[in-house]
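Derivation of every value follows stated rules applied to the coordinates shown; laboratory data play no part. Since this is a predicted model, take the numbers as computed values, not measurements. Virtual Cβ from ideal backbone geometry, glycine too; neighbours counted across all protein chains shown.
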There are 2 protein chains.
Amino acid sequence: MGNFLMDQTKLCGTQSLHFQRPAYILSAASVAGKKEAEGPLGKKFDMVDEQDNLFGAKTWEEAESNMQKEACILAIGKAGLKPEKIRYLFGGDLLRQGIATSMGVEALQIPMFGLYGACSTSGEALALAAMSVSAGYGDSMLAVTSSHFGSAEKEFRFPLGYASQRPLSAHWTVTGSGAFVVGTDPGNVKISGITVGKIVDYGLKDSQNMGACMAPAAADTIVRNLKDFGRTAEDYDRIITGDLGSIGQSILFDLAAEKGYDLRQKHLDCGMLIFDPETQDTHAGGSGCGCAAVTLASYLLPKIESGEWKRILFVPTGALMSTVSFNEGASVPGIAHGIVIEHCRKEAAGWTI
Amino acid sequence: MGNFLMDQTKLCGTQSLHFQRPAYILSAASVAGKKEAEGPLGKKFDMVDEQDNLFGAKTWEEAESNMQKEACILAIGKAGLKPEKIRYLFGGDLLRQGIATSMGVEALQIPMFGLYGACSTSGEALALAAMSVSAGYGDSMLAVTSSHFGSAEKEFRFPLGYASQRPLSAHWTVTGSGAFVVGTDPGNVKISGITVGKIVDYGLKDSQNMGACMAPAAADTIVRNLKDFGRTAEDYDRIITGDLGSIGQSILFDLAAEKGYDLRQKHLDCGMLIFDPETQDTHAGGSGCGCAAVTLASYLLPKIESGEWKRILFVPTGALMSTVSFNEGASVPGIAHGIVIEHCRKEAAGWTI
């Protein structure tokens, strides 16, 4: 059998892994807020708060924790499991010291790894969950992320009560949480590979133009994925970034074109899918750890599950900053992680060497 | 060969992994501040700032980033590698949105996973690095964490200029960064297993008594490790927590005793090793992501390398909170990850089934 590690996982290029033993996405759940429910994907979410986005809590932070807990419980239930059957949890959010996750998943009592990758965290969590499943570290892992408009505005900008004006380049942080059970049990959707992102810094300092800050990282990870796997953009049905928004998208197209890749026919962006720019006044688009997660759970995965799309590259994008780094004059670098998600016929699935 | 995954990794109990293909700690580096240099471990650090703890920067945050960068460069150099030979980096710190790490490791251009586990992050990073090496996801990984007294006081309490009084139960955040190269190349020190921690909440709300907040998580992870691996405390030369301090230690002993384990002869705490309580006025002890990391790099690993200790359980401990969660009345749960580190004779090392 030779070197079994080579049989199990192929190191691709400099940043990617190709899982010979795939990790299946067994279930996905999305919980979202009122504005998201009024958007183009509104009917697809598993649970929404039509009232006040507080999800029964008294603070935005606790509301975000409640969303995460609900998303986890829904995903675990959809997979026909119980929390004690989940070996490890990989989760994160945008708040300082990741309290939305700590307080949200505590009740589940699953051994956990706390993550921070800004809005790329859903990619980071799926990558680590898939790595752990493919390595045989357990039958089922849980990946969860969240963001909340109220807690994020308070964390990064101003409390909502200030009614601050927002520039047209600003994003609207999605109130939502997405959770995914990744496991060995064969299903119709598998994570076949990942491309782990580097920090990419073009020196931009405008935290109200996150699309521009993140687009270089998205371009870097997408091009690296294509090179590492020896693919072209044509090998994917869609290449879907997390939350570049309309401004970031145009920069991504330019940067990719400079490197010889035309992404225009293949690209979608979760931040542009989740709100209607004509009627919802969200400027550049949606953003936040929850944006890519709920879009994947509610809109993208069903298309892969059904076979409408055979293979996508899902690339959540993050802008690395805090109010402190921003106020001290630091630039806002970006990071993006690429997750290759494929349709597979259930009867043909399973691990084959 | 049967189920090769069973050959490669044994799932132990409910939370632990035993690596049949071990991950070796190839090198370690420690960078620390002036007060730490004056403490009992002061002569053992690789690099110290004897001046002003700014490490050539203008802000505490940038100083912390510089420490991380220096620790990484030192560790990579000691392993005889270059940054491009490190497949993935696992890193984190205590600051909001992990900016010390993002800004610190950016120059290395290593694909990276950002982590947050409060002061348990060094254990989280080592666990994920070891999991990745053992799974064959690359020959070398880097684990790095940091904390800085100046940036942490500003982040969690008050700016230093306020000269706030500290209660006797308070910890002193260590100014330091530790970095570790974990790889396949056989050496004298291996990570043979891990126990991933759960969030444990006893409902304590005193953020100035972190030892009490973290002790239940430490007890939970240590007892779980012993049960999962079928060991007693006697099977370890030392069981070493991250930063419980003197108050947390006494609570740990009580909680472990309630579960039938006597840890008194085996326990050390990095927070109690790094400062001299008689002369350094650090109250309950040292703390921070950097505390356990620099103590491991400078003091613990050389004892394992030499064979003075054959096997230790290293258990960094974290208190999960932010100023927002604290001000909103949330409790301060804890988390602790256990890393089993063993001495192995170099000539006898290597992977054997």
Simple label model, 7 Å out from Cα along Cβ direction - B:Ser164 to B:Asp185, nm: 4.5 nm
Using the eigenvalues of the Cα gyration tensor, what equivalent ellipsoid semi-axes result for chain B when each is taken as the square root of five times the eigenvalue, whole Å, largest first? 29, 24, 18
Suppose a student asked you for the relative contact order of chain B, using Cα pairs under 8 Å spaced at least 6 residues apart; what percent would you report? 24 percent
A correct Karplus calculation of ³J(HN,Hα) over region A:225-232, with 6.51 cos²θ - 1.76 cosθ + 1.60, θ = phi - 60°, whole Hz and x for Gly and Pro, returns 4, 5, 5, 4, 8, x, 10, 10
With a cut-off of 8 Å between alpha carbons and a minimum separation of six or more residues, what is the relative contact order of region B:20-183 in percent? 32 percent
Kirkwood hydrodynamic radius, computed over distinct alpha-carbon pairs, for region A:199-247: how many Å, to one decimal? 12.0 Å
Each residue of B:316-323 has, on average, a number of other protein chain C-beta atoms within 10 Å of its C-beta equal to 4
Taking the Cα centre of the protein assembly as shown as origin and charging only Cβ (+1 Lys, Arg; -1 Asp, Glu), how large is the dipole, in debye to the nearest 20? 1460 debye
Under 17 Å from the A:Glu258 label point (7 Å along Cα→beta-carbon), backbone N, region A:221-238: A:221-224
Choose one of A:Gly318, A:Gly271, A:Gly307: the residue whose Cα lies farthest towards the positive end of the charge dipole of region A:217-353 (beta-carbon charges +1 Lys, Arg; -1 Asp, Glu; about the Cα centre). A:Gly307
Work out the mean other chain Cβ neighbour count within 10 Å for the residues of B:102-108 and drop it here as an integer. 6
Per-copy distances of the B:Thr323 label point, shortest first, in nm (7 angstrom along Cα→Cβ): 0.7
For region B:20-183, compute Rg over Rh where Rg is the Cα radius of gyration and Rh is the Kirkwood radius from the inverse mean 1/r over Cα pairs. 0.99
Consider just the alpha-carbon atoms of region B:189-345 and return their Rg together with their Dmax, both in angstrom. 15.2, 52
May I ask you to report, in nm to one decimal and beginning with the shortest, the distances from A:Arg231 to the same position in the other copies, taking label points 7 Å along Cα-to-Cβ? 4.1
Would you mind getting me the FRET efficiency between A:Glu278 and A:Asn327? Use the beta-carbon distance for r and R0 = 41 Å, nearest 0.05. 0.75
Would you kindly work out, in nm and rounded to one decimal, the distances from the label point of A:Lys58 to those of the same position in each other copy, ordered shortest first, with label points 7 Å along Cα-to-Cβ? 4.3
Loop sites only, by DSSP: take the trypsin sites (Lys or Arg not before Pro) in chain A that have at most 10 other C-beta atoms within 10 Å and name the longest stretch containing none of them. A:59-344
Which log10 I(q)/I(0) values does the protein assembly as shown give at q = 0.09, 0.12 Å⁻¹ under the Debye formula, counting every alpha carbon as one identical point scatterer? -0.68, -1.29
Region A:141-292, relative contact order in percent, only Cα pairs under 8 angstrom and at least six apart counted: 31 percent
How large is the charge dipole for chain A, taken about the Cα centre, if only the Cβ atoms of Lys, Arg (+1) and Asp, Glu (-1) carry charge, to the nearest 20 debye? 760 debye
Mind checking region A:39-92 for GluC sites (Glu not before Pro) that DSSP puts in a loop (not H, G, I, E or B) and that have at most 11 other Cβ atoms within 10 Å? A:Glu50
Quickly estimate the mean residue ellipticity at 222 nm for chain B, helices only: each DSSP H run with n ≥ 4 gives -39500 (n - 2.57), and the total goes over all residues, rounded to 500. -9000 deg cm²/dmol
Distribution of pairwise C-alpha distances over region B:178-217, 10 Å bins, in %: 21, 29, 25, 21, 4
If the chain between A:Arg231 and A:Ala107 were fully stretched, how many nm would it gain, using 0.36 nm times the residue separation less the Cα-Cα distance? 40.4 nm
Looks like region B:139-243, by Cα gyration tensor root eigenvalues a ≥ b ≥ c and the a/c under 1.5 rounded cutoff (else prolate when a/b is bigger than b/c, oblate otherwise), is oblate
Place a +1 charge on the Cβ of each Lys and Arg in region B:189-345 and a -1 charge on the Cβ of each Asp and Glu, then give the dipole magnitude about the Cα centre in debye, rounded to the nearest 20. 600 debye
Which order do peptides A:118-129, B:278-289 fall in by mean Cβ count within 10 Å, highest first? A:118-129, B:278-289
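Take peptide B:114-126, look around each residue's Cβ out to 10 angstrom, count Cβ atoms belonging to other protein chains, and average those counts.
Partner Cβ neighbours, averaged per residue: 4.
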